[in-house]
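Heads up: the structure comes next, in structure tokens.
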Amino acid sequence: MNSLESKDLNLYYGNFHALKNITMGMKKNEVTAFIGPSGCGKSTYLRCFNRMNDLIDNVRIEGEVLVDGVDIYQKNILVDDLRKHVGMVFQKPNPFPKSIFENVAYGLRVNGTKDKKLIEERVETSLRQAALWDEVKDKLKKSAFELSGGQQQRLCIARALAIEPSVLLMDEPASALDPISTAKIEELIYQLKENYTIVIVTHNMQQAGRVSDYTAFFYLGELVEFGKTKNLFTSPKDERTQNYVTGRFG
């Protein structure tokens with residue numbers, strides 16, 4: 001069963017037609033990468049799955065967006081509940097001005113968890129899942145801003161994992177990081193797919209090749225091609241995909 005799906009999805013910013021008739025499905029416990037030049041719609045499409053585009057004025061959506069078979073744009077959908085289920089990691093690390101511990105505990109507290117022992121367990125588990133526990137276990141009370149950029153991004157991943165989502169959306173999670181931190185994030189993505197459905201937007205085609213099972217190529221708001229990553233990079237069906245992955249444009 002597809003964990004995430006869109007059917008005939010169109011999205012408009014005012015009069016601008018940003019996404020055009022996008023129909024595709026992403027499988028559970030797989031990593032799907034979105035590639036394509038800047039402004040092609042890949043981040044906009046990613047944000048449809050946790051309704052982050054709701055925060056932008058003049059956005060209009062037509063078609064269906066399904067998470068685990070449920071159309072998330074129905075009137076009765078509680079967006080806060082949806083966002084517990086569908087976690088998000090942004091391009092730039094954005095830790096809160098709090099301690100390392102409280103950054104991870106934040107979502108649990110906001111959702112009403114008061115059990116101290118449970119919070120401590122979830123914080124530790126999430127930091128372990130984000131491959132950060134060993135680096136921070138002795139300084140949990142210190143400010144998150146004392147961490148390096150790569151550590152801050154893994155902290156943001158831990159924060160997203162703490163509320164136990166089933167889907168993790170990542171919008172260029174390594175674009176602001178150095179090569180060593182990037183490698184750690186990529187390794188982490190590979191490990192996390194055992195428990196999560198992961199969708200990653202990336203400008204870095206080599207990264208898409210390394211971490212994803214499936215890749216979607218977007219161009220000018222259209223989904224040009226979608227398939228197994230290996231096939232898309234080695235024998236693309238569309239000439240535009242071929243030109244992009246071989247570096248002729250983009």
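With respect to residue 248, determine if the residue is charged (D, E, K, R) and either assigned to a strand (DSSP E or B) or over 19 Å from the mean Cα position of the chain (by Cα) (or both). So residue 248 passes the test.
Of all residues in region 51-71, those that are without any contact (Cβ under 8 Å) to a residue 60 or more places away in the chain and within 20 Å of residue 87 (Cα to Cα) have Cβ atoms under 6 Å from Cβ atoms of residues that are among the hydrophobic types (A, V, I, L, M, F, W, C) and in a strand (DSSP E or B), 6 or more apart or on another chain, in 53/59.
Within the group 59, 65, 89, 79, which residue is over 25 Å from residue 154 (Cβ atoms), crowded, with 16+ Cβ neighbours inside 10 Å, of a type outside the set (Asp, Glu) and in contact with an Asp or Glu (Cβ under 8 Å, 6 or more places away or on another chain)?
Values: 59 fails: in contact with an Asp or Glu (Cβ under 8 Å, 6 or more places away or on another chain); 89 fails: over 25 Å from residue 154 (Cβ atoms); 79 fails: crowded, with 16+ Cβ neighbours inside 10 Å.
Within the list 59, 65, 89, 79, the selection yields 65.
Selection of first residues in region 235-250 that are within 10 Å of residue 36 (Cα to Cα) and in contact (Cβ under 8 Å) with a residue 24 or more places away in the chain and of second residues that are buried (at least 18 other Cβ atoms within 10 Å of the Cβ) and among the aromatic types (Phe, Trp, Tyr), restricted to Cβ pairs under 8 Å at least 6 apart or on distinct chains, gives the following pairs, ordered by first then second residue: 241/217; 244/217; 244/219; 245/217; 245/233; 250/244.
Condition first: surrounded by fewer than 19 Cβ atoms within 10 Å (Cβ to Cβ), out of contact with any Gly (no Cβ under 8 Å at 6 or more places or on another chain), modelled with pLDDT under 95 and farther than 16 Å from residue 126 by Cβ. Can you find one or more residues in region 156-175 that meet it? Yes. I'd like to check something: does region 176-191 contain any residue that is closer than 26 Å to residue 132 by Cα, of a type in the set (A, V, I, L, M, F, W, C), in a loop (DSSP other than H, G, I, E, B) and modelled with pLDDT under 95? Within region 176-191, one or more residues are closer than 26 Å to residue 132 by Cα, of a type in the set (A, V, I, L, M, F, W, C), in a loop (DSSP other than H, G, I, E, B) and modelled with pLDDT under 95. If you take just the helices (runs of 4 or more DSSP H) that sit entirely in region 85-143, which of them hold at least 2 residues that are under 14 Å from residue 161 (Cα atoms)? By residue number, 100-110, 116-129. Starting from residues that are in contact with a strand residue (DSSP E or B) (Cβ under 8 Å, 6 or more places away or on another chain) and modelled with pLDDT under 95, keep the ones in region 90-107 and report whichever is farthest from residue 203 (Cα to Cα). Ranking the qualifying residues of region 90-107, first place goes to 90.
Identify, please: which residue in region 192-233 is without any contact (Cβ under 8 Å) to a residue 60 or more places away in the chain and assigned to a helix (DSSP H, G or I) and is, among those, nearest to residue 127 (Cα to Cα)? Here the answer is 210. How about region 1-47: which of its residues are small (Gly, Ala, Ser), under 17 Å from residue 175 (Cα atoms) and either crowded, with 22+ Cβ neighbours inside 10 Å or in contact (Cβ under 8 Å) with a residue 40 or more places away in the chain (or both)? 33, 36, 38, 43, listed by residue number.
Checking 173, 236 one by one, the residue that is more than 19 Å from residue 24 (Cα to Cα) and assigned to a loop (DSSP other than H, G, I, E, B) is 173 and no other. Residues of region 61-95 that are out of contact with any helix residue (DSSP H, G or I) (no Cβ under 9 Å at 6 or more places or on another chain) and among the polar types (S, T, N, Q): 74, 76.
The values are calculated or read from the model by the stated rules, or taken from the named source; none is laboratory data. Treat the numbers as computed from the prediction; the structure is a model and nothing was measured. All Cβ positions, even for glycine, are placed from backbone atoms using ideal geometry, and neighbour counts span all protein chains on display.
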